[in-house]
Amino acid sequence: MSGSLIHVCKSACTRIQKGINSFLMLLIVVMAVVMFSQVLLRVCFGKAFTWAEELLRFMFIWVVFLGLPTAVYYNDLTRFDLLQTKLEGIARKLLETGIYLLINVILFILVWGSFALIERQFRQQATTLPIPMGAIYLILPASSIIAVIFVIIRLVMMWTDDRDFEETGGN
């Protein structure tokens, strides 16, 4: 793979992750505002919005699943790395490759299985919000596909000895 193609992949991953980070920030700010207003309304007026709890739940689901590609991007997936720290060179790369391939298999299963769920859930409406439940579950394949792309790019970077991407998460 040529150096310019690697640079394009790195910059594309960085732009995608910056977009995810911005969207996560927006979700968390909106969640904080809605939650604060809920508490304020309940304490001061004894009433609250009927839709707020459901909206917060849906936004929390999106925050959690957008954390998946973020963790892959920054190489922050939880792992037991005793063996990895003992290995060096090609042995370590082979172990890392096996781990990343296993991660991609799991992500593929998540994407594949989520389509049937989404299709069924588009027929169901949320309780208090005018949103089909399938729209909420679209985050499952979306975040998984982005994570797969990040894993593939991370593998390419690892095998091309691009230490910068490996150590800093692509920044």
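The values are calculated or read from the model by the stated rules, or taken from the named source; none is laboratory data. Predicted model only: the values in this text are computed from it and were never measured. Every residue, glycine as well, gets a Cβ built from its backbone with ideal geometry; the counts of neighbours run over all protein chains shown.
A few comments on the model shown:
- Selected residue (criterion: surrounded by the most Cβ atoms within 10 Å (Cβ to Cβ)) from residues of the stretch 103-117 that are touching a Leu at 6+ places or on another chain (Cβ under 9 Å) and among the β-branched types (V, I, T): I103
- Where a residue in the stretch 105-122 is more than 16 Å from I145 (Cα to Cα) and its partner, wherever it lies, is modelled with pLDDT of 95 or more and not hydrophobic (A, V, I, L, M, F, W, C), with Cβ under 9 Å and at least six apart: none
- Residue in the stretch 82-102 that is modelled with pLDDT of 90 or more, touching a helix residue (DSSP H, G or I) at 6+ places or on another chain (Cβ under 9 Å) and surrounded by fewer than 13 Cβ atoms within 10 Å (Cβ to Cβ) present: yes
- Against the list (1) under 23 Å from the mean Cα position of the chain (by Cα); (2) farther than 19 Å from L27 by Cα, the condition Q84 fails is (1).
- Selection status of W159, among the hydrophobic types (A, V, I, L, M, F, W, C), out of contact with any Gly (no Cβ under 9 Å at 6 or more places or on another chain) and modelled with pLDDT under 90: yes
- Number of the condition not met by G67 [criteria: (1) touching a helix residue (DSSP H, G or I) at 6+ places or on another chain (Cβ under 9 Å); (2) over 21 Å from V151 (Cβ atoms)]: (2)
- Evaluation of V64 against the conditions (1) under 30 Å from W51 (Cβ atoms); (2) surrounded by fewer than 15 Cβ atoms within 10 Å (Cβ to Cβ); (3) without any contact (Cβ under 8 Å) to a residue 12 or more places away in the chain; (4) more than 14 Å from the chain's Cα centre (by Cα) shows that the sole unmet condition is (4).
- For V34, the test of being part of a helix (DSSP H, G or I), in contact with a helix residue (DSSP H, G or I) (Cβ under 8 Å, 6 or more places away or on another chain), of a type in the set (V, I, T) and more than 26 Å from R15 (Cβ to Cβ) is passed.
- Considering the stretch 73-154, the qualifying helices (runs of 4 or more DSSP H), each wholly inside and each with 3 or more residues that are closer than 30 Å to L55 by Cα, run over 89-121, 133-137.
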